[in-house]
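Asker: Input: one structure, supplied below.
The values are calculated or read from the model by the stated rules, or taken from the named source; none is laboratory data. As the structure is a computational prediction, the values presented were derived from the model and not from experiment. All Cβ positions, glycine included, derive from the backbone under ideal geometry; neighbour counts span all protein chains shown. Accessible surface areas use protein heavy atoms only, side chains included; no ligands, DNA or RNA. Shrake-Rupley method; radii C 1.70, N 1.55, O 1.52, S 1.80 Å.
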Amino acid sequence: MTAFQPLVFSGVQPTGNLHLGNYLGAIRKFVALQEKSDCIYCVVDLHSITAQLVHGDLADQTRSITAAFLASGIDPKKHIVFNQSRVMQHAELAWVFNCVARIGWMNRMTQFKDKAGKDRENASLGLLAYPSLMAADMMVYRATHVPVGDDQKQHVELTRDIAQKFNNDFSGRIAELGVGVEMQVGEETVNGFFPLIEPVIGGPAARIMSLRDGSKKMSKSDPSDLSRINLTDDADTISKKIRKAKTDPDALPSEMDGLAGRPEAENLVGIYAGLTDMTKEAVLQQFGGQQFSTFKPALADLAVEKLAPIAGEMRRISADRTYVDSVLRDGGERAGARAEATMKSVREIMGFLQH
Ligand code: TYM
């Protein structure tokens, strides 16, 4: 191989309802990328047990995220949609990466610190090793691009560090076995087995904030349901949540500078921009000088127009459990074949005796 084949991989955890942040920060990008790239989208059920071991409804949550992928427009025939636990090679490569990555790297992860809270000694070992499994998710397919929200940036950088250390530590074996690919690292051309994956972040919706507090990100775990718009909310609920969203008393500015120190206003402008594929600047050109009493109803109409059809499709698809399960089964088989091809080489590179 002379260059890595472009391949998109991303994952979503089956924990709680999907919200507007997940949709604008990730799933909408998944849909856009499938037009020009080969894509693999995964419901990461192995990750979901790192914070909460026992889930009464893990299978249903997995189906519900799958239905959201399909309802948003992901094509499971042209691309791959599956749940992580079906492809054991993710866990196998994660083990190798646990031995490549250093404990200090994991301890620096801000998501680990946030999720473990004060009682870090009592967090699961899986929560600490979470980013290693995430790196394995992408690298077991030698993926080159990952669309994610801003909160995953540090994990993607860590994935690059793990890939680079693996490539360095095993450079001799990789060359000997002829399984490397030429790639540019800074000024140098190196021969590596794993690509240095590029995050696809950016855009006005990379970090959607809570509707109740512009300093906190919109999250599944926020106790207030008014803080987020769920993909399953009906039109009235969406409108009510936007009407009640925290704002300030000033009119919208016409320029970006005027949003400084106004996180709630900036967030609503970002949501409008994300839903229409406009820039925040363009939204301000359109609404600059107007009060929230005008902007909020316009935003509510737009959100209902864009999200209500997805909620309807999700309900329709979810009702056909046999179909959803068959998508995951078929995706799992295709993903498994690709993952196994990578792992055959990894086992050889490592020197495990296999015959
Ligand atoms: P998860 O399940 O928490 O979130 C799924 C995706 O939604 C994005 N997101 C947001 N984007 C903008 N604003 C927000 N408020 C917001 N909240 C969430 C997340 O950035 C993510 O892209 N660790 C991952 C799952 C994962 C993964 C992977 C992702 C496991 N393996 C491999 C990519 C590649 C996570 O917990 O996402």
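Asker: Could you state, as a whole-number percent, how many of the C-alpha pairs of segment 60-181 are farther apart than 18 Å?
Answerer: Everything past 18 Å amounts to 62 percent.
Asker: When you have a sec, figure out the Kirkwood radius of the chain from all distinct Cα pair distances and drop it here in Å to one decimal?
Answerer: Here the Kirkwood hydrodynamic radius works out to 21.6 Å.
Asker: At a 1.4 Å probe radius, which order do I49, I103, I229 fall into by accessible area, largest first?
Answerer: If we order I49, I103, I229 from most to least accessible, we get I103, I49, I229.
Asker: Here's something else I'd like to know. Can you give me the distance in nm between label points at E121 and L353, each placed 7 Å from the Cα along the Cα-to-Cβ direction?
Answerer: In this crude label model, E121 to L353 measures out at 4.2 nm.
Asker: What is the dipole size for segment 1-84, taken about its Cα centre, with +1 at each Lys and Arg Cβ and -1 at each Asp and Glu Cβ, in debye to the nearest 20?
Answerer: Dipole of segment 1-84, to the nearest 20 debye: 240 debye.
Asker: Another question, then. I want to make sure I understand the PRE zone here: with the label point 7 angstrom from the Cα of K153 toward its beta carbon, which residues in segment 75-108 have backbone N atoms less than 13 Å away?
Answerer: Output list for this probe position: empty.
Asker: Between A282 and A59, what is the label-point separation in nm under the 7 Å Cα-to-beta-carbon projection?
Answerer: Inter-label distance under the simple model: 4.5 nm.
Asker: For an R0 of 35 angstrom, estimate the FRET efficiency from the Cβ-Cβ distance between Q291 and A32 and round to the nearest 0.05.
Answerer: 0.60
Asker: Quote the charge dipole size of segment 225-317 about the Cα centre in Debye, to the nearest 20; the model charges only the Cβ of Lys and Arg (+1) and of Asp and Glu (-1).
Answerer: Dipole size: approximately 360 debye.
Asker: To continue, here is another question. What aspartates and glutamates sit close enough to K153 to cross-link, taking a C-alpha to C-alpha distance under 14 Å and skipping anything fewer than 8 places away on the same chain?
Answerer: List returned: D161, E198.
Asker: Give me the percent relative contact order of the chain, please, defined on Cα pairs under 8 angstrom at least 6 residues apart.
Answerer: It comes to 23 percent, rounded to a whole number.
Asker: Continuing with this model, one more query. Multiply the residue gap between A337 and C99 by 0.36 nm, knock off their C-alpha separation, and tell me the result in nm, one decimal place.
Answerer: Length difference between fully extended and current span is 83.2 nm.
Asker: Let me ask another. Once the Cβ-Cβ distance between K240 and D75 is put in as r, and R0 is 35 Å, what FRET efficiency do you end up with, to the nearest 0.05?
Answerer: My answer for the efficiency is 0.55.
Asker: Mind checking the full-extension length gain between K165 and D213? Use 0.36 nm per residue of separation minus the Cα-Cα distance, one decimal, nm.
Answerer: 13.3 nm
Asker: For E305 and K113 in the same chain, what is the full-extension length gain: residue separation times 0.36 nm, less their Cα-Cα distance, in nm?
Answerer: 65.3 nm
Asker: What do you get for GluC sites (Glu not before Pro) in segment 136-243 restricted to DSSP loop and a cutoff of at most 14 other Cβ within 10 Å of the site's Cβ?
Answerer: Filter output for segment 136-243: E187.
Asker: Here is a follow-up. Accessible area of D250, 1.4 Å probe, to the nearest 10 Å²?
Answerer: 90 Å²
Asker: A further question on this structure: Any idea which of M314, T247, A282 is furthest toward the positive side of the dipole for segment 225-317, if Lys and Arg beta-carbons carry +1 and Asp and Glu beta-carbons -1?
Answerer: M314
Asker: Quick one: how many Å² of W105 are accessible to a 1.4 Å probe, rounded to 10?
Answerer: 50 Å²
Asker: Would you list the membrane-span-like helices of the chain, meaning whole DSSP H runs whose alpha-carbon atoms span at least 15 Å along their axis and whose mean Kyte-Doolittle value is at least 1.0?
Answerer: Helices passing the filter in the chain: 125-139.
Asker: So which lysines pass the test for K296, namely a Cα distance under 24 Å, with those fewer than 8 places away in the same chain ruled out?
Answerer: K296 reaches K216, K217, K220, K240, K241, K244, K246, K280, K306.
Asker: Which chymotrypsin sites (Phe, Trp or Tyr not before Pro) from segment 258-355 combine a DSSP loop assignment with at most 10 other Cβ atoms within 10 Å?
Answerer: Those satisfying the criteria are F352.
Asker: Name the residue from G203, M183, S219 whose Cα lies farthest towards the positive end of the charge dipole of segment 182-232, charges +1 on Cβ of Lys and Arg and -1 on Cβ of Asp and Glu.
Answerer: S219
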